[in-house]
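Below is one structure, written out as structure tokens; the observations come after it.
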Amino acid sequence: MNAHAQLHWRENFDQPWRRLPWIILGALAAWVVLLASFARMLEQRALPQPPPAAIEARIVKSRRRPDCRAAARPRIPRCVRRR
């Protein structure tokens, strides 16, 4: 290849409007590959876990009545109280 032919090719390729289609095609191809790999990653599901073991629970009633006043107003520590 002679120097004139190589110089002519660089001049044509250096024009922005001539590069734009290649840049757009490259960007679209990169996005398609990126989105396809992300979609494949989302399709992979974890193996289902076995159900948890059953537990034995009982309700225990207290014979003592709860103090309603204590539940309605929480106790404030002495160092925080205002005078």
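None of the figures in this text is laboratory data; all of them are computed from the coordinates on show. Just so we're clear, the structure is a prediction, and the values are computed from it rather than from any experiment. Backbone-built Cβ (ideal geometry, glycine too); neighbour counts: all protein chains shown.
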Which of the peptides 26-38, 45-57 is most tightly packed, and how do the rest follow, going by the mean number of other Cβ atoms within 10 Å of each residue?
-> 26-38, 45-57
Computed lengthening from Leu28 to Gln15, 0.36 nm per intervening residue step minus Cα-Cα distance = 2.6 nm
